[in-house]
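The values are calculated or read from the model by the stated rules, or taken from the named source; none is laboratory data. Treat the numbers as computed from the prediction; the structure is a model and nothing was measured. As a convention, Cβ positions derive from the backbone with ideal geometry for all residues, glycine included, and neighbour counts pool all protein chains shown.
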Amino acid sequence: MASEIDWGEILIAIGILALPLILALPAKLLYTTAILGVGPAERAYRATVQKILDAGMQVEQFRELLDDEARRLGIRPGRAKLNETDMLYPLSLTHFLLVPMIFILPFIAIVSLPIVILGIPVLFLMEIILIRKRLLIKGISLLESLGGKQIIHIPDAGYNHCSGDSKVLDASNLAVHFHNVPRVVFIGLFSWLIIHWMLRLDSIVYEFLISGLFYITLLGIVGIITTALESNLIIVDPARGRIIPISDWIDSLLTPVIGVGLLFLLGRDLMTEARDGGNTQLFALTVLLVLYCATAVGITFQWGYNWWHGKNVRKEFEQQAIEVLNPYSYDLTRNRGRIQLNVRSTMAERSVTSEEVVANLTFSDLDNLPSAHEKIIRKPENPL
């Protein structure tokens with residue numbers, strides 16, 4: 001039976017839910033100022049990296065040059081690499097909402113361990129269905145043929161930036177993998193909220209079990225798809241004049257559902273707890289517990305499955321994309337405010353040359369771009 005709403009209790013619960021945001025603001029500021037640095041040396045170094053990105057080149061092709069530049073500016077190698085990572089894979093305020101998990105890591109690790117164990121076979125099952133049975137590439141091919149769009153290939157500027165030879169706990173490697181964590185974290189919170197809303201179980205253990213199974217299924221689907229789509233395939237929509245990576249396009253489909261859905265479910269479940277005479281503060285604390293458990297699962301996925309097995313998934317999907325689509329590979333450059341999209345070769349040819357990345361390009365090569373590539377850039381044939 002509904003009872004009178006205690007708005008004071010609701011405000012306290014909202015305050016508890018706002019704690020991650022309150023902690024995220026100074027954490028983001030500390031990361032930007034103390035860890036990355038905002039001095040003249042860091043700004044000059046980032047300007048050099050920006051020149052490489054504007055030229056449509058991969059940062060690792062200029063590794064020797066960047067190392068020399070960091071030494072000249074007096075920047076530690078770790079800080080220099082982390083600044084590169086921040087430009088390639090920036091961490092937003094959303095990422096820092098998850099940082100407080102560090103303070104309760106032992107407890108969170110114990111609670112989330114069953115989900116991690118159950119999730120391993122589900123991930124491999126989804127890999128078989130989506131990758132080995134070619135369901136994902138068939139879906140993308142259907143999107144291209146029926147959706148009036150074209151799939152092209154643009155190499156990631158961060159190719160080989162986080163290599164398997166690097167230290168696993170290197171700060172730049174941690175930042176690269178943490179970049180993709182929020183996507184799977186909020187799917188976990190969404191899973192629990194929707195089960196909590198629909199089933200209203202008396203036992204929180206059963207509620208956690210069912211929502212955990214639901215989360216594992218969604219994590220398997222979304223995780224495998226996003227891991228495979230790191231192969232740098234791009235959707236071109238000529239009718240709307242848009243160029244967007246397929247992984248970002250999938251994010252644009254998920255964000256309204258997960259983002260708006262989270263706010264709706266969070267507000268609805270909180271008000272339902274208040275009307276039914278439940279403990280709104282306990283509900284808020286449970287939400288934070290679920291959030292940080294999902295963070296632990298997301299981090300385990302990124303450092304476990306994606307780190308050790310993700311490269312094989314990407315290579316297999318890349319080969320499928322070449323066999324089924326073999327799209328043209330382009331260079332996207334910016335020179336004095338002018339954006340150029342130049343066709344370079346097919347994706348098959350580009351994938352071969354990418355394995356032989358030159359790592360000793362100089363400033364003179366950089367200053368001559370994109371003219372330095374004119375001999376190997378091929379113009380597309382006139383479709384008419």
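If I ask for residues that are among the basic types (Lys, Arg) and part of a helix (DSSP H, G or I), which ones from region 58-77 would you list?
ARG63, ARG71, ARG72
Test THR94 against the criterion of being surrounded by fewer than 19 Cβ atoms within 10 Å (Cβ to Cβ) and touching a Pro at 6+ places or on another chain (Cβ under 7 Å), and give yes or no.
So THR94 passes the test.
List the pairs whose first member sits in region 235-259 and is of a type in the set (D, E, K, R), whose second member is in a strand (DSSP E or B), and whose Cβ atoms are under 6 Å apart, counting only residues at least 6 apart or on separate chains?
Going by the 6 Å Cβ cut-off, there are no qualifying pairs.
A quick yes/no check of all residues on (1) buried (at least 19 other Cβ atoms within 10 Å of the Cβ); (2) in contact (Cβ under 8 Å) with a residue 40 or more places away in the chain; (3) closer than 22 Å to PHE301 by Cα; (4) aliphatic (A, V, I, L, M):
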site	(1), (2), (3), (4)
LEU213	no, yes, yes, yes
GLY223	yes, yes, yes, no
MET271	no, yes, no, yes
GLY277	no, yes, no, no
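Filter region 12-56 for residues that are β-branched (Val, Ile, Thr) and farther than 20 Å from LEU291 by Cβ; which is surrounded by the most Cβ atoms within 10 Å (Cβ to Cβ)?
Filtering region 12-56 for residues that are β-branched (Val, Ile, Thr) and farther than 20 Å from LEU291 by Cβ, the one surrounded by the most Cβ atoms within 10 Å (Cβ to Cβ) comes out as ILE52.
Here's the yes/no breakdown for (1) part of a helix (DSSP H, G or I); (2) within 30 Å of ILE221 (Cβ to Cβ); (3) modelled with pLDDT of 80 or more:
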{"site": "VAL290", "(1), (2), (3)": "yes, yes, yes"}
{"site": "PHE301", "(1), (2), (3)": "yes, yes, yes"}
{"site": "GLY304", "(1), (2), (3)": "yes, yes, no"}
{"site": "GLN320", "(1), (2), (3)": "yes, yes, yes"}
{"site": "TYR330", "(1), (2), (3)": "no, yes, yes"}
{"site": "THR353", "(1), (2), (3)": "yes, no, no"}
{"site": "GLU356", "(1), (2), (3)": "no, no, no"}
{"site": "ILE376", "(1), (2), (3)": "no, no, no"}
{"site": "PRO380", "(1), (2), (3)": "no, no, no"}
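Among the residues of region 85-120, what is the count of those that are in a helix (DSSP H, G or I), of a type outside the set (A, V, I, L, M) and in contact with a Cys (Cβ under 9 Å, 6 or more places away or on another chain)?
Residues that pass the stated criteria total 2.
Being out of contact with any helix residue (DSSP H, G or I) (no Cβ under 7 Å at 6 or more places or on another chain) and more than 27 Å from ARG240 (Cβ to Cβ) is the filter here, so list the residues in region 126-163 that pass it.
Scanning region 126-163 gives ILE128, ARG132, LYS133, SER163.
Only residues that are farther than 22 Å from VAL184 by Cα and crowded, with 17+ Cβ neighbours inside 10 Å: list them for region 279-315, please.
Selection gives THR280 alone.
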